[in-house]
Amino acid sequence: MPEKILVVGGAGYIGSHTCLLLAERGYEPVVYDNLSNGHEEFVRWGPFEQGDIRDRARLEEVIAKHKPKAVMHFAALIEVGESVKEPVAFYDNNVIGALTLLSCALNAGIDAFVFSSTCATYGLPERVPLDEQHPQAPINPYGRTKLIIEQALKDFGTYKNLRSVILRYFNAAGADFEGRIGEWHTPETHAIPLAIDAALGRREGFKIFGTDYDTRDGTCVRDYIHVLDLADAHVRAVDYLLAGGSTVELNLGTGTGTTVKELLNTISDISGRPFPVTYADRREGDSTTLVANNDKAREVLGWDPQYTLKDIISSAWQWHSTHNG
Ligand code: UDP
């Protein structure tokens, strides 16, 4: 019998890609998701249990039924702009929900936990690339909710028997190359899907937020990492914990930065469809440059991201041109 892994938020973008790889590598992903942002169509590699992370009774029931060996926690509100408008909802879901899930896991004797965190916990970079020792001073409620759970995980590692891998994502992008699952957010705010929609003629064009940043072409630099490379790191994190690994935090990025203008040029080249670009003011809360130092993830997990920006754009193009989410 394959070992079961509870994938909380497994009907979402990164969670569903992780389920795909978990199943390929011999685990059985059990998805727990309230479908607030996830899609039931994305649950294809194991059983689905609908539920909310703030629903203790439902969590206890699902954990007792499946007896997972580890929990992966993807279920969070993620939009920085929304976190400023609706901070109570963010604390409710991302903090109270995560703590409810953690206490249910601990009560059931589960000692392995993989947590989706973010480079937004660093706040404004003092040095780039960012390593895990960089001070954490998030500049918005989203980043703060994630940091609170990181701190809880460290305390539960020290004072309770819970080992965790905290994964700090940079910019997740791209899709399954077979087109089964992909990025599907409503509303969409991320640069790659918005630019692809512009190339597909579904939007009038693309607005660049800020052209006066201190970067090589004045636009923000980000580290775009293929969602399947992220998924691979998650499966390795489960392997690591089930082999007895101790609590660790790891950056997940490629180590290479891309400006918004470079990103748009790559999308025009790959799609063969140039689209109108306009320039707008900076977006509140955007850091100039976010690029990962990924040495620690390579060392601890033996992780080696495989996919290039071209792979990211071509897989995203294939997904969005066949799905209108
Ligand atoms: N961006 C942009 N126009 C858009 C959406 C995003 O210029 O319509 C820029 C944004 O300012 C940032 C980069 O693209 O510099 C990546 O933004 P995204 O929202 O995809 O990810 P974030 O880095 O905010 O997590």
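The values are calculated or read from the model by the stated rules, or taken from the named source; none is laboratory data. From a predicted model like this one, the values you see are computed outputs, not experimental measurements. No Cβ is skipped: glycine too gets one built from the backbone with ideal geometry, and neighbour counts run over all protein chains shown.
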Restricted to segment 278-319 and to residues being among the basic types (Lys, Arg) and away from the ligand (no atom under 16 Å from the Cβ), the residue farthest from Arg180 (Cα to Cα) is Lys296
Segment 1-87: helices (runs of 4 or more DSSP H) wholly inside it with 2 or more residues that are basic (Lys, Arg) and modelled with pLDDT under 95 are none
Looking at (1) more than 12 Å from the ligand (Cβ to nearest atom); (2) part of a loop (DSSP other than H, G, I, E, B); (3) within 29 Å of Arg282 (Cβ to Cβ), which is the only condition Asn265 fails?
(2)
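Would you tally the residues in segment 162-212 being hydroxyl-bearing (Ser, Thr, Tyr), assigned to a loop (DSSP other than H, G, I, E, B) and in contact with a helix residue (DSSP H, G or I) (Cβ under 6 Å, 6 or more places away or on another chain)?
The initial filter retains those residues of segment 162-212 that are hydroxyl-bearing (Ser, Thr, Tyr), namely 164, 169, 186, 189, 211.
When the remaining residues are screened for being assigned to a loop (DSSP other than H, G, I, E, B), the result is 186, 189, 211.
Now narrow it down to the ones that are in contact with a helix residue (DSSP H, G or I) (Cβ under 6 Å, 6 or more places away or on another chain): none.
Number of matching residues: 0.
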Step by step: first the residues of segment 207-225, then only those that are surrounded by fewer than 22 Cβ atoms within 10 Å (Cβ to Cβ) and among the aromatic types (Phe, Trp, Tyr), then the one that is nearest to Pro129 (Cα to Cα). Which residue is that?
Tyr213
Cβ-Cβ under 6 Å, sequence separation 6+ or interchain: first residue in segment 101-130 and in contact (Cβ under 8 Å) with a residue 60 or more places away in the chain and more than 13 Å from the ligand (Cβ to nearest atom), partner assigned to a helix (DSSP H, G or I) and among the small types (Gly, Ala, Ser). Which pairs?
Val114/Ala237
I'm trying to understand the selection: among the residues of segment 154-199, which are over 20 Å from His226 (Cβ atoms), within 15 Å of the ligand (Cβ to nearest atom) and either among the aliphatic types (A, V, I, L, M) or buried (at least 24 other Cβ atoms within 10 Å of the Cβ) (or both)?
Ala198
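Suppose the filter is of a type in the set (D, E, K, R) and under 22 Å from His73 (Cβ atoms); does Asp176 pass it? Explain how you work it out, then say what you get.
Details: of a type in the set (D, E, K, R): yes; under 22 Å from His73 (Cβ atoms): yes.
Here the answer is yes, as Asp176 does meet what is asked.
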